[in-house]
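The values are calculated or read from the model by the stated rules, or taken from the named source; none is laboratory data. It should be emphasised that the depicted structure is a prediction, and the values quoted were computed from it without experimental measurement. Cβ placement follows ideal geometry from the backbone for every residue including glycine, while neighbour counts extend to all protein chains displayed. To get the accessible areas, we keep the full protein, side chains included, count just its heavy atoms, and leave off ligands, DNA and RNA. Shrake-Rupley method; radii C 1.70, N 1.55, O 1.52, S 1.80 Å.
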Amino acid sequence: MVAPGLRLGAERLFEMPAVLERLSRSNSTSQAFAEVLRLPKQQLRKLLYPLQEVERFLAPDRRQDLHLRIFDPSPEDIARADKVFTATEGNRIDYVSSAVRIDHAPDLFRPEVCFIGRSNVGKSSLIKALFSLAPEVEVRVSKKPGHTKKMNFFKVGKHFTVVDMPGYGYRAPEDFVDMVETYLKERRNLKRTFLLVDSVVGIQKTDNIAIEMCEEFALPYVIVLTKIDKSSKGHLLKQVLQIQKFVNTKTQGCFPQLFPVSAVTFSGIHLLRCFIASVTGNLD
Ligand code: GDP
């Protein structure tokens, strides 16, 4: 599951200030990420590896319940992934088109990842945060009642496509379920589905519909916990343990490691970029 190209684990790198220093000066590291690397160690850990922050509050024998280190890239790999997400002349990151039906979806043969979640879960904020290194990209949001919800396609250079799926909710119309279901079932180049769950409220009834779809079609999917800045450490820990237990006991296709993120503090965003780059074959 971890890209073969992934090198040093997080822990080892944190023990080597000289490596961090070299990395922050290296040409292969973007200016923005070089700044990140200059943060104090605790802050850096919290920003890059938020799940490890949660781990600190667990009794040692509970820690193996949390699959914290399955995807454990070094800051070097995270820096490489940030480059993939950085818009340049040679790496155009653009909105491509929108579609209401799968047969209107653009024929893109690159690997694809999609984001699904309940309305208000923080999906557009997360996608904007992922694309913050490509400020020209406009993440379109159609939230007005009565407006057709669409799938929005974004291309990230020659690397992969990101699809922003319409948000679902208890008032999701049937044609919306058909659209998402058909996409998930038929999209051949779909490499990973990112299912967003609000860390404040945990998995809701409507989330189960999306989880069941992913399970039924045997899709590899990942649970992303949004808005982690809104919870106390204790509340976040409780949610993480509950959701982790659910993933371990009730799902087959869900990646065992959770990805907590905040679009406000940017915690977990770099790690998520790195995971996307990895599952689309861009860190090999
Ligand atoms: P969407 O409907 O899933 O696209 O959700 P939005 O991205 O529009 O977010 C819904 C609400 O949650 C907005 O008021 C956002 O400002 C807020 N929000 C989104 N992400 C975060 C986050 O990481 N932290 C906090 N505190 N608020 C967030």
**Request:** May I ask for the Rg/Rh ratio of the range 170-284, computed from Cα atoms with Rh as the Kirkwood radius, given to two decimals?
**Result:** 0.97
**Prompt:** If the limit is 24 Å between Cα atoms, which of Lys46/Lys227; Lys41/Lys158; Lys128/Lys149; Lys123/Lys238 go over it?
**Reply:** Lys41/Lys158
**Asked** Given only helices, namely DSSP H runs of n ≥ 4 each adding -39500 (n - 2.57), what is the per-residue ellipticity at 222 nm of the chain, to the nearest 500 deg cm²/dmol?
**Response** -11000 deg cm²/dmol
**Centre separation in Å (Cα based) which lies between the range 232-263 and the range 206-225** = 14 Å
**Prompt:** So which trypsin sites (Lys or Arg not before Pro) in the range 172-229 are both in a DSSP loop and have at most 15 other Cβ atoms within 10 Å of their Cβ?
**Reply:** Arg188
**Prompt:** Where in the chain lies the longest segment free of chymotrypsin sites (Phe, Trp or Tyr not before Pro) that are both loop residues by DSSP (not H, G, I, E, B) and have at most 14 other Cβ atoms within 10 Å?
**Reply:** 171-284
**Asked** Of the accessible area of the chain, with the probe set at 1.4 angstrom, what percent is carbon plus sulfur?
**Response** 50 percent
**Message:** Using a probe radius of 1.4 Å on heavy atoms only, what accessible surface per residue do you get for the chain? Whole Å² is fine.
**Reply:** 48 Å²
**Request:** Can you bin the range 197-250 into rounded, prolate or oblate? Criterion: square roots of the alpha carbon gyration tensor eigenvalues sorted a ≥ b ≥ c, rounded for a/c under 1.5, prolate for a/b above b/c, oblate for the rest.
**Result:** prolate
**Message:** Charges at C-beta only: +1 for Lys and Arg, -1 for Asp and Glu. How large is the resulting dipole of the range 53-205 about its Cα centre, in Debye rounded to 20?
**Reply:** 260 debye
**Asked** Normalised by the number of residues in the chain, what is the relative contact order in percent for Cα pairs under 8 Å and 6+ residues apart?
**Response** 25 percent
**About the Cα centre, charge dipole magnitude for the chain (Lys/Arg +1, Asp/Glu -1 at Cβ), debye** = 540 debye
**Asked** In terms of the Cα gyration tensor, with a ≥ b ≥ c the square roots of its eigenvalues, is the range 53-168 rounded because a/c is under 1.5, prolate because a/b exceeds b/c, or oblate?
**Response** oblate
**Prompt:** Picking from Leu48, Val222, Gln252, whose Cα lies most toward the positive end of the charge dipole for the chain (charges on Cβ: Lys, Arg +1; Asp, Glu -1)?
**Reply:** Leu48
**Message:** Looking only at the chain, where both bridge partners belong to it, what percent of the DSSP beta bridges are antiparallel (to the nearest 5)?
**Reply:** 40 percent
**Asked** Dividing the Cα convex hull volume of the chain by residue count, how many Å³ per residue is that?
**Response** 126 Å³
